[in-house]
Structures are given as structure tokens and as C-alpha cells.
């Protein structure tokens, strides 16, 4: 890899999954195969079948989606490290992707991470009964205006901004009726687009408090190692280099908004000149380009991507 300048590795979260993800890497690289087999041994789940063949409805189940995306991301990371080692100046991940970032940073062992995120997915799914929560994406309203709008729409229920994704894109989450009221208000007040998201639970809001408490228990016996590289966290959008704070930040993340726009701006402030999205899809690459057009963005999830990166 010949690119000059500091690189940040970034890792995608839920929503980036698709049937067939990871198969090309699995077929081409022994190091990727080892990661998939390690995940299956740790979980007792047919992750290869889920990732490579689906069905899509099963892959979308949160307790399967989260370990599946983590496994594909870490498999890609191991291929990259094996084929052309490059040291990132820092790392970050979107929601679930922060766990992949922590594996990359050496704080979390992969086997521990994949177990924790499966439990995280189960806890998030169970925190709110099916159909009672909702998430929606709102395009074209300022963050402050949308926050005030959510307060107005709440009427004693929960609806809050959950993902500040950048480029005018903010995701709101909460109780279904409150989110629907906020969606109607957003349309009235000039939002360019308001779209209900097909997710199984309202993530990153106070309704996830039971999940956060369960996650704290799940993390209790997990060993956290010193960070080899700093992680720009979702909760604070600043660089964390203190491994003793990792667990508390992950627990807080479950009920706090993902501050992705601020996180990308922090990467720039830290001197990063390009980002490499590692794992399925290009969602973060698209968001990053809108937030900071001066940052060069690349992604890696297939052998063809590696060829492109090495040739560039």
C-alpha cells in the first residue's frame, strides 16, 4: 500500500450486512477462513451459512447480524494485516463497529468480542417488545432543530436523535408512536426526506437501558488489554487511549447517540489524511465524504479491493 499520510481504520455497524458478505475473502485467504471458524467455535452458530447464503431475514436478526458483521470485518482486517501490514494512526467504528475497532486496537480478543456482540444483539432485541419501538432517518434538518422537535413530539414518551451521521443525516429512535409524531413534524418543517428504518429495535436511546445493564454483566469477566492505537469513541467523539475506560464507554454507548459526524471531524483534527473502511459495504465511506470532502476514503472487503489498494 503506497498511500502517504496518516490513515484511520473505520469499521461499519449494523445495516451494512448483505447475503454473500465475506465469501470472496473466505475463498481466497486462509487467514479469513480461520476467523470464520473461530467465530463458529465460539458461538455454535453457522455463521458461514448465514453470511454466504442467508436467508436475508435470518441474517437481519440483530443477535446474528452483529457477530456476522464483526466476523467479516475482522476477517478482512486479518487479510489486510497479512498481505500488506499498515499501521493506522487511530481507529473508529460506527456503533457495533466500535467492537471491531477495539479488536483492531488490541483491546479485545476476537473470541471475546464475537461472544459479547451476540449477547449485545440479543439484549437489544429483547429490551423493547417487537413493534413497540421505531427508528427513522431524517435528512435536511439541523441537529439542534431536530432535537427540539423530538422534545416537542415526545408527549411523555421517548424519541431522541440516535445517530448523528453527518451530511444532514440524523437517525431518531424511541417508542413507535412518538417517533411517528416526530416524523410528521419533521416533514411539516421542511425535512428533505423522512424514512422509517427496517430495524428490529430502537437503538441508542434510553429504551436500551435494560440492554446496557445486561451488557455490563456480559463484559464483567472479559479481559481488556492496553490499546495499541487510540479509538475515537461513539460516546465522546474523542480519542480514548485508556483501556480501563473501554467497558464503561461500551455500556454507555448502548443508550447514547452515535456521534459519527463529530468523530470524523476528530479524525481530521488528529491529522488523518485518509480513511480505510474495513468490512462489508461502503456506508461509512459515503458519510465520511459528505462530512469531510478533503479526506480520501477507501474501503476493503474483497480481494479486488486489496488489488486496487496495492496498485494505488
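The values are calculated or read from the model by the stated rules, or taken from the named source; none is laboratory data. All values reported here derive from a predicted model rather than from experimental measurement. Reconstructed Cβ throughout: ideal geometry from the backbone, glycine too, with neighbour counts over all protein chains shown.
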Any hit, region 230-247, residues being in contact with a strand residue (DSSP E or B) (Cβ under 8 Å, 6 or more places away or on another chain), assigned to a helix (DSSP H, G or I) and touching a residue at least 24 places away in the same chain (Cβ under 8 Å): yes
Residue match in region 113-120 (condition: assigned by TED's automatic domain parsing to the domain that holds residue 259, touching a helix residue (DSSP H, G or I) at 6+ places or on another chain (Cβ under 8 Å) and surrounded by fewer than 18 Cβ atoms within 10 Å (Cβ to Cβ)): yes
Enumeration of residues in region 82-110 that are closer than 16 Å to residue 8 by Cα and modelled with pLDDT under 95: 84, 85, 86, 87
Flag if residue 130 is at pLDDT below 95, surrounded by fewer than 22 Cβ atoms within 10 Å (Cβ to Cβ) and not in a loop (DSSP other than H, G, I, E, B): no
Index of the failed condition, residue 197 passing every other in (1) modelled with pLDDT under 95; (2) over 30 Å from residue 108 (Cβ atoms); (3) out of contact with any helix residue (DSSP H, G or I) (no Cβ under 8 Å at 6 or more places or on another chain): (2)
Filter pass, residue 267 being assigned to a helix (DSSP H, G or I), under 12 Å from the mean Cα position of the chain (by Cα) and buried (at least 24 other Cβ atoms within 10 Å of the Cβ): no
So residue 107, is it assigned to a loop (DSSP other than H, G, I, E, B) and crowded, with 17+ Cβ neighbours inside 10 Å: yes
Residue 157, sole failed condition from (1) assigned by TED's automatic domain parsing to the domain that holds residue 250; (2) in a loop (DSSP other than H, G, I, E, B): (1)
Residue 210 being touching a residue at least 12 places away in the same chain (Cβ under 8 Å), surrounded by fewer than 22 Cβ atoms within 10 Å (Cβ to Cβ) and in a helix (DSSP H, G or I): yes
Qualifying residue in region 58-65 (condition: buried (at least 24 other Cβ atoms within 10 Å of the Cβ), assigned by TED's automatic domain parsing to the domain that holds residue 300 and out of contact with any strand residue (DSSP E or B) (no Cβ under 6 Å at 6 or more places or on another chain)): yes
Evaluation of residue 149 against (1) touching a residue at least 40 places away in the same chain (Cβ under 8 Å); (2) in a strand (DSSP E or B) (one fails), failing number: (2)
